[in-house]
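Encoded as structure tokens, the structure appears first; notes follow it.
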Amino acid sequence: MATVVELAQGNRYSRSSEGGGSVDTATRTFKVVRDSITESIDTPALCGIDVGDPYSDGNQVPCVGWESVPDGDSRMVLIVTFRYRSTPGGVDGSGGGGGGGGGGSDPRLRSPEARPALYQLSSTLQEVPAVGGEVLTSVGYAEVAAFKNSAGDLIEGLTRLEPIVNLQITQYSYIDQSGLLQYTGSVNSDQFVFSGHTVPAHCCIFQGLSVSPYVESGFRGFQLEFQFSFRWNYCPGVQFNGYSPLGWDQPIVESGYNIINTGLNNSFVQQEHLVYELDDDGNIASPKTLRNQGGKVRAQIPAAGVGGGERQHGAASPVLLNADGSPRARWLGALVNRAQTQPDMVFGNNFSNFGVNSFY
């Protein structure tokens, strides 16, 4: 885990006159050392400061933003600077983090970039592949990992309507946050909390960011609108970090036209799909032995042979597979894996890694 220490030499506090009132500004600087170059960190949580937090218990000048800059060629060390600024005449600091109060409950008494973020939720339905669900049986509904017909063949093409929750977050900032645009399409790499609700890994995607200039008394900056979408997409039998929802990952049913020719006399292997040695008449030789054992071959189906014997023909539809590529026995449920098709990143609780202000 990364370590953090506050740098006293990077702390500053000043007061100036602006717009007919006094403005307090301050900075606090931290040094963060990562364990590895690939480690992802939630910077506000690590430093214990978020946008909107006061400078100190006795000084309510709010944090209006932060930036993280690599220090040195190794990029293992980060210098993180938190900026504090009061609205002209709105919050009375005392300088250097001393006593003094001020501020009110009206959000417009705070500088726009330090106001609580606003969010709006909406929902819709999206059609997704139905690789798993519930099948009606004689004794009720039974949960399955993939749909099969009565002959044990995979049923493809089924879909279902999955709820999608769309989230729009609006806030103000001195910078346009254009650096976040490169993360459009990224999903959360691990679980995080939003408004008290736990979101499993890969269940939230960053849809984009829109920016427009914004001017208010004493403030020149930008209005930011973040777009996120949540999708749970439960699939029975599929697990990732202890969670069963696929989120924005894609389900992959283990099936195919080709098999790995192994598993003779194994009860977990569908024997008729294996490829056997043939006799001079083109029938399956007795006793049965595998041809090209362990090789990749086309799955077979049985057919009538010469003189009451048995022949084989290539399967015309995909067959279910075991983890080793052998044909899976029909009495077993299909194996369903998941594929991560979107890049991931650390979102942070309440999207703190995007620089989103506190919602409260």
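Positive-end ranking of Gly295, Ser210, Gly314 along the dipole of the chain, with charges on Cβ about the Cα centre, is headed by Ser210. Short-range pairs are left out: with C-alpha atoms under 8 Å and at least six residues apart, the relative contact order of the chain is 15 percent. With the simple model of a label 7 Å out from the Cα in the direction of the Cβ, Thr38 to Ala303 spans 4.9 nm.
Working note: 222 nm ellipticity from helices only, DSSP H runs with n ≥ 4, each -39,500 (n - 2.57), summed and divided by the residues of the chain, gives -500 deg cm²/dmol to the nearest 500.
Projected label points at Gln168 and Gln126, each 7 Å from Cα along the beta carbon direction, are separated by 1.8 nanometres.
For the stretch 257-352, a simple Cβ point-charge model (Lys and Arg +1, Asp and Glu -1, everything else neutral) yields a dipole of about 280 debye relative to the Cα centre. Taking amide H atoms as placed 1.01 Å from N in the peptide plane, the amide H of Val61 lies under 5 Å from those of Tyr55, Ser56, each 5 or more residues away in sequence or on another chain. The packing ranking, built from the mean of other Cβ atoms within 10 Å per residue, places the peptides 57-65, 252-260, 307-315 in the order 57-65, 252-260, 307-315, highest first.
Under a model in which nothing but the beta-carbon of Lys, Arg (+1) and Asp, Glu (-1) is charged, the chain shows a dipole of about 260 debye around its Cα centre. Between the beta carbons of His197 and Ile175, assuming R0 = 25 Å, the FRET efficiency works out to 0.30 to the nearest 0.05.
Full extension of the chain between Ala316 and Val5 yields a length gain of 105.5 nm, computed as 0.36 nm times the residue separation minus the alpha carbon distance.
The H on the amide N of Gly295, modeled in the peptide plane, is under 5 Å from the matching H of Asn261, each at least 5 residues off or on a different chain. Among Pro251, Pro302, Pro112, the largest mean-square fluctuation in a Gaussian network model of the chain (Cα springs under 10 Å) belongs to Pro302. Spacing of the modelled spin labels on Arg291 and Asn149, each 7 Å from Cα toward Cβ, amounts to 2.8 nm.
Here the chain is treated as a Stokes sphere of Kirkwood radius computed over C-alpha pairs; at 4 °C and 1.567 mPa s its diffusion coefficient rounds to 52 µm²/s.
Rounded to 0.05, the FRET efficiency of the Asn265 and Glu156 pair, given R0 = 25 Å and the Cβ-Cβ distance, is 0.25.
Along the stretch 333-349 the Karplus relation, 6.51 cos²θ - 1.76 cosθ + 1.60 evaluated at θ = phi - 60°, assigns HN-Hα couplings of x, 5, 7, 10, 9, 10, 10, 7, 9, 10, x, 10, 7, 7, 8, x, 4 Hz to successive residues, with x for each Gly and Pro.
None of the figures in this text is laboratory data; all of them are computed from the coordinates on show. Source: prediction; values computed, not measured. FYI the Cβ positions are ideal-geometry reconstructions off the backbone, even for glycines, and counts take in every protein chain you see.
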